[in-house]
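J.: The structure is given below, and queries will be raised subsequently.
The values are calculated or read from the model by the stated rules, or taken from the named source; none is laboratory data. Since we're looking at a predicted model, the values are computed, not measured. Every residue, glycine among them, receives a Cβ derived from its backbone with ideal geometry; neighbour counts consider all protein chains shown. Just so you know, the surface numbers come from the protein's heavy atoms only, side chains and all, with ligands and any DNA or RNA stripped out. Shrake-Rupley method; radii C 1.70, N 1.55, O 1.52, S 1.80 Å.
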Amino acid sequence: MLVDGKWQGRFHPVQGTDAKGGFVRQDSSFREWIGTDRFPAEAGRYHLYVALICPWASRVLAARRLKGLEDIVPITIVAPWLTDEGWAFEAFPGASGTDPLHGSRRLHELYIRADPHYTGRATVPLLWDTKTDTAVNNESADLLRMFGYAFDDLLPPERAAIDLYPADLRDDIDALNDWLYPRINNGVYRTGFATTQAAYDDAVRELFAALDQLEARLADGRRYLFGERLTESDIRLFVTLIRFDVAYHGAFKANIRRLDDYPALAAYTRRVYGHPDIGPTVDFDHIRTGYYSIEALNPTRIVPRGPVRILGDVDVG
């Protein structure tokens, strides 16, 4: 990680633990918003750095595509593996290979460009302002929310009308998001990055109890979490579920059941994956390669050939 602007040691996914050995996630450092006097909404001004392995970055990619922001906010995709210095601009099918703005070799070079004394991990997603040459925001929840409305004045009416955070559901969305994060989104990481048996046991029990509850919620055949409307809660849940059988079940030891063992959840995940603006943001080669390249979890870094199919009929081979 970076300490006072200098890279220290080798990358390790666990930078903090609690007293029980449980995984503690670092807080995001850059939390500015598009639409302020400092960062007004402008086409082509902002640049988004992402990893296709990463569910947090994929939240933002889904919102970007749903809202039709591809020409307004261009992206750079890092290689799927984590090097000794974290995310890197290296060649891999589907990755950008280079940093077009600064020619950086590692993502952490951008962090110290924004803050020469930065201490912490260099994470994706990262939204960059090309006009002031600095970081805007590296918190996926913020970016998911702001991409839902911040550029609406630049969009055609049909895209501006897409509302992932509708006013009549906001309290319910906030409550569900707060429930999903510790149990599901971060729950898989608490399971995979636990450093003691007790921490793992607690995390994996809570994770599968939450999956059981979601299975019951979706058993009535509703299309999305709140009925017929796709919301940011669906995006938050989907990016974890689509990685479950491919990565978390094996690499993270989240193996009490497969997602494919949950009929309603599997059908829901297929529906969201089938959305024309969400499915294209998923890259199974990046997901599988990326998670199995984490040396702390898989010292040989051998990438498994399977699963070849998930969710009954989704080909990931």
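J.: Give me a comma-separated list of calculated 3J(HN,Hα) values for the stretch 75-84, in order, Karplus coefficients 6.51, -1.76, 1.60 applied at θ = phi - 60°, integers in Hz, x for any Gly or Pro.
T.: 10, 10, 10, 6, 5, x, 8, 9, 7, 4
J.: Separate question: Looking at the calculated P(r) for the stretch 111-182, what percent of the C-alpha pair distances fall above 15 Å?
T.: Of the Cα pairs, 67 percent sit more than 15 Å apart.
J.: If you put +1 on each Lys and Arg Cβ and -1 on each Asp and Glu Cβ, how big is the dipole of the stretch 169-317 around its Cα centre, in Debye rounded to 20?
T.: Around 340 debye, computed over the stretch 169-317.
J.: On to the next question. Ordered by residue, what ³J(HN,Hα) values in Hz, to whole numbers, does the stretch 60-67 give under the Karplus form 6.51 cos²θ - 1.76 cosθ + 1.60, where θ = phi - 60° and Gly and Pro are x?
T.: Listing the rounded values in order: 6, 4, 5, 5, 4, 6, 4, 7 Hz.
J.: Set the Förster radius R0 to 51 Å, insert the Cβ-Cβ distance between ASP313 and HIS117 as r into 1/(1 + (r/R0)^6), and round the FRET efficiency to 0.05.
T.: Values: r = 51 Å, r/R0 = 1.00.
E(calc), rounded to 0.05, equals 0.50.
J.: At 0.36 nm per residue, minus the direct Cα-Cα distance, what do ALA167 and ARG105 gain on full extension? Give it in nm, one decimal, please.
T.: Details: separation 62, 0.36 × 62 = 22.32 nm, distance 4.24 nm.
Length gained, ALA167 through ARG105: 18.1 nm.
J.: Then there's this: Excluding ASP260 itself, calculate the net charge of residues whose Cβ lies under 14 Å from the Cβ of ASP260, where each Lys or Arg counts +1 and each Asp or Glu counts -1.
T.: 0
J.: Further question: Using modelled amide H (1.01 Å from N, peptide plane; none on Pro or chain starts), what sits under 5 Å from the amide H of TYR118, excluding residues fewer than 5 places away?
T.: GLY5
J.: Between ILE302, TRP81, ALA62, whose Cα lies farthest towards the positive end of the dipole of the chain when Lys and Arg beta carbons carry +1 and Asp and Glu beta carbons carry -1, centred on the Cα centre?
T.: Sorting the options by dipole projection puts first ILE302.
J.: Contact order normalised by length for the chain, with contacts defined as Cα pairs under 8 Å and 6 or more residues apart; what percent is it? Each step should come with its number before you reach the end.
T.: Details: 537 pairs, mean separation 63.9, N = 317.
Averaging sequence separation for qualifying contacts and normalising by length gives 20 percent for the chain.
J.: What residues qualify as long-range amide H neighbours of ARG106, i.e. H under 5 Å apart, gap of 5 or more or another chain, H built at 1.01 Å from N?
T.: Hits under the 5 Å cutoff: PHE89.
J.: With the cut-off at 1.5 for a/c, could you classify the stretch 275-317 from its C-alpha gyration tensor as rounded, prolate or oblate?
T.: Numbers: a/c = 3.59, a/b = 1.82, b/c = 1.97.
Note, shape of the stretch 275-317 comes out oblate.
J.: Starting at the first residue of the stretch 164-178, write each ³J(HN,Hα) from the Karplus equation 6.51 cos²θ - 1.76 cosθ + 1.60 with θ = phi - 60°, in whole Hz, x for Gly and Pro.
T.: Values per residue, Gly and Pro as x: 8, 9, x, 4, 6, 10, 4, 4, 5, 5, 4, 5, 5, 4, 5 Hz.
J.: Run the helix sum for the chain: -39,500 (n - 2.57) per DSSP H stretch of 4+ residues, divided by residue count, reported at 222 nm to the nearest 500 deg cm²/dmol.
T.: Numbers: 10 runs with 99 residues, N = 317.
Helix contribution divided over all residues of the chain: -9000 deg cm²/dmol.
J.: With +1 on each Lys and Arg Cβ and -1 on each Asp and Glu Cβ, and nothing else charged, work out how big the dipole of the chain is about its Cα centre, in Debye to the nearest 20.
T.: That gives the chain a dipole magnitude of about 780 debye.
J.: Please report the spacing between the Cα centers of the stretch 217-285 and the stretch 107-158 in Å, no decimals.
T.: 26 Å
J.: In the stretch 62-162, if every C-alpha pair distance is counted and binned at 5 Å from zero, what percent goes to each bin?
T.: Pairs per bin, as whole percents: 2, 12, 20, 22, 19, 14, 8, 3, 1, 0.
J.: Take the alpha carbon gyration tensor of the stretch 155-270, find the square roots of its eigenvalues, order them as a ≥ b ≥ c, and report rounded if a/c is under 1.5; if not, report prolate when a/b exceeds b/c, else oblate.
T.: It comes out prolate by the Cα gyration axes.
J.: Just add up the charged neighbours of ARG105: K/R +1, D/E -1, any other residue whose Cβ is under 13 Å from the Cβ of ARG105.
T.: Working: positive: ARG106, ARG113; negative: ASP84, GLU85, GLU90, ASP99, GLU109.
That works out to -3.
J.: Please give the direction-averaged projected area of the C-alpha convex hull for the stretch 242-317, in square nanometres with one decimal.
T.: 4.8 nm²
J.: Beta carbons within 10 angstrom, averaged per residue: use that to sort the peptides 296-303, 269-276, highest first.
T.: Sorting 296-303, 269-276 by mean packing, highest first, produces 269-276, 296-303.
J.: Please report, as a whole percent, how much of the solvent-accessible surface of the chain comes from carbon and sulfur atoms (probe radius 1.4 Å).
T.: Percent of accessible area from carbon and sulfur atoms in the chain: 49.
J.: Using a ≥ b ≥ c from the Cα gyration tensor of the stretch 208-284 (square roots of the eigenvalues), is it rounded, prolate or oblate, where a/c under 1.5 gives rounded and otherwise the larger of a/b and b/c decides, a/b for prolate? Don't skip to the end; give the middle numbers.
T.: Values: a/c = 2.05, a/b = 1.18, b/c = 1.73.
Judged from the Cα gyration tensor, the stretch 208-284 comes out oblate (a/c at least 1.5, b/c at or above a/b).
J.: Within the stretch 234-254, which residues have the backbone N less than 17 Å from the label spot 7 Å out from ILE75 along Cα→beta-carbon, could you tell me?
T.: 235-243
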